[in-house]
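Reading through the structure tokens given below for one structure.
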Ligand code: HEM
Ligand code: SF4
């Protein structure tokens, strides 16, 4: 009996890791892209931006959607991500190869992203419910004009976008999509471009909103 | 480029440990330089007269060696912080003083000798062989195309030296990861025309805790593998087989 139980736990661990990988892309990465596009409406002025916020907030089943497709996936990905950090070790001093640095940065950026996302969700989603104020162009502007908050956002965005781009590269390997050296190099170039583009978009939004 | 500068003395720091439960200590040795020396010949020189630089008598250093041409893997150790075979670690090409340690990822036996039997256990776990036992002669097996043979030859060069495990940050006491070598061997036998029949068994043996999914893609393994085995390609190849196995239920 003990063996079959051990085997079950054994196999479960494999599924958990694959689910972690899947959640990183569907829906977390997809949501990240959607979120950056929605934010870019800042460029169209306060009215357009507030319109997008109001549209999103008026969705039917808003809370279940937010929990199922945003909150829970990020939470589960983060919990298992922290466990992965625990099972990792560092040997950059002896083996300072670029990919080894990326391995390290994937973990560090995940942890920074977690702190950033937690603060961000509090500031722009939960606090407004608790203290009954409205999140709109003005509120975002007020936050982004505070120097430390703005700096924290820049750091958080760098970490998140690196984690996102390198994560897509990892995803392609985890699922056996990119196998050889060449395909991994090409996917690396493609995801770098996507990562930098999304970062530039996000940065522009938070700079423009400051006015 | 003149690499063979004449040296008066070579200084070597060696991490010593009497046994698995004894404390470790560093000892420094000083040797007369001879052209063409490698780390093994240094150790042999020390064995002749085991005396530290300071003139203290000590025990001869224990190490393992076999082929002396980088195909057996027995003399693997950590030299100047990097894992490699000591037979091909040429004194002229190394930074001095030399720093020599045993591999850190395997149980220590004594000095530079470690026990790598966990690697053999891993090969058993992934069933890295072609089962052809039976009661009658099955005749010749299917033929391999030159392309298949070439691909498999590269993977077959693994000598179980342990370099890839030593350099892998996911291979450590907190993690159950089986490591690149065994995964690559599973791929080798999955690509065998007769071994293919048991491919699913090997693939499934890596869909467990510590299986292929625990790779973190630091990709140090390909950098340190002395046989230049495309280990990251093998791991991704296995990941693809696992994905197919995962969606196998769709065929039903
Ligand atoms: C913006 C939110 C996030 C996105 C878009 C994201 C996306 C991804 C993706 C796509 C992967 C690749 C999956 C794979 O390896 O196959 C990944 C891996 C990873 N994620 Fe996240 N993630 C996010 C947040 C987090 C957080 C908050 C943590 C918490 C520590 C985290 C920890 C990790 C770790 C450790 C890996 C590495 C897996 C490995 O290399 O073996 N992630 N992430
Ligand atoms: S794969 Fe390469 S580094 Fe790893 S054990 Fe085999 S020969 Fe050594």
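Laboratory data are not the source of any read-out in this text; all were calculated from the coordinates shown. Keep in mind the model is a prediction, meaning the values are calculated, not measured. Every residue, glycine as well, gets a Cβ built from its backbone with ideal geometry; the counts of neighbours run over all protein chains shown.
Overview of results
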{"quantity": "Nearest-ten-degree value, helix B:180-190 long axis tilted from longest Cα axis of chain B", "calculated": "40 degrees"}
{"quantity": "Paramagnetic reach from residue B:28 in the range B:85-121 [backbone N under 12 Å; point 7 Å along Cα→Cβ]", "calculated": "B:97-98"}
{"quantity": "Against the rule of thumb 2.2 N^0.38 Å, how large the Cα Rg of chain B comes out", "calculated": "1.20"}
{"quantity": "Helix-only mean residue ellipticity at 222 nm for chain A, each DSSP H run of n ≥ 4 adding -39500 (n - 2.57), per residue, nearest 500", "calculated": "-24500 deg cm²/dmol"}
{"quantity": "Distance (nanometres) between label positions extended 7 Å along Cα→Cβ at residue A:31 and residue A:44", "calculated": "2.3 nm"}
{"quantity": "Normalised convex hull volume, the range B:167-252, alpha-carbon set, Å³ per residue", "calculated": "92 Å³"}
{"quantity": "Cα-based Rg of the protein assembly as shown normalised by 2.2 N^0.38 Å, two decimals", "calculated": "1.21"}
{"quantity": "Equivalent-ellipsoid semi-axes of the range B:88-182, from the Cα gyration tensor, Å, largest first", "calculated": "35, 19, 13"}
{"quantity": "Chain B, relative contact order [Cα under 8 Å, separation at least 6], %", "calculated": "16 percent"}
{"quantity": "Globularity ratio of the range B:110-157, using Cα Rg and 2.2 N^0.38 Å", "calculated": "1.73"}
{"quantity": "Mean residue ellipticity (222 nm) of chain B, computed from DSSP H runs ≥ 4 via -39,500 (n - 2.57), nearest 500", "calculated": "-8500 deg cm²/dmol"}
{"quantity": "Ascending count of other beta-carbon atoms within 10 Å, so fewest first, for B:75, A:85, B:168", "calculated": "A:85, B:75, B:168"}
{"quantity": "Length gained when the stretch residue B:90-residue B:228 is fully extended (0.36 nm per residue, less Cα-Cα span)", "calculated": "47.8 nm"}
{"quantity": "Cα-based shape type of the range B:10-114, given that a ≥ b ≥ c are square roots of the gyration tensor eigenvalues and the cut on a/c is 1.5", "calculated": "oblate"}
{"quantity": "Cα-projected label distance for residue B:157 with residue A:52, points at 7 Å along beta-carbon direction, nm", "calculated": "5.3 nm"}
{"quantity": "FRET efficiency for residue A:83 and residue B:9, using Cβ-Cβ distance with R0 set to 56 Å, rounded to 0.05", "calculated": "0.65"}
{"quantity": "Relative contact order [Cα under 8 Å, 6+ residues apart], chain A, whole percent", "calculated": "29 percent"}
{"quantity": "Residue exposure sequence - B:208, B:83, A:146 - by fewest surrounding Cβ within 10 Å", "calculated": "A:146, B:208, B:83"}
{"quantity": "Residue-span extension gain [residue A:108 to residue A:90] - 0.36 nm each, minus C-alpha spacing", "calculated": "5.3 nm"}
{"quantity": "For the protein assembly as shown, share of DSSP beta bridges that run antiparallel, in % to the nearest 5", "calculated": "85 percent"}
{"quantity": "Per-pair calculated FRET efficiency, R0 = 35 Å: residue B:174 and residue A:98 via Cβ, rounded to 0.05", "calculated": "0.90"}
{"quantity": "Average other protein chain Cβ within 10 Å of Cβ, residues A:101-108", "calculated": "3"}
{"quantity": "Degrees between helix B:39-48 axis and first principal axis of chain B (Cα, 0 to 90, nearest 10)", "calculated": "50 degrees"}
{"quantity": "Estimated inter-spin distance, residue B:48 and residue B:66, nm [label 7 Å along Cα→Cβ]", "calculated": "2.8 nm"}
{"quantity": "Selected from B:44, B:56, B:103 as most flexible by GNM, with chain B as the system and alpha-carbon contacts under 10 Å", "calculated": "B:56"}
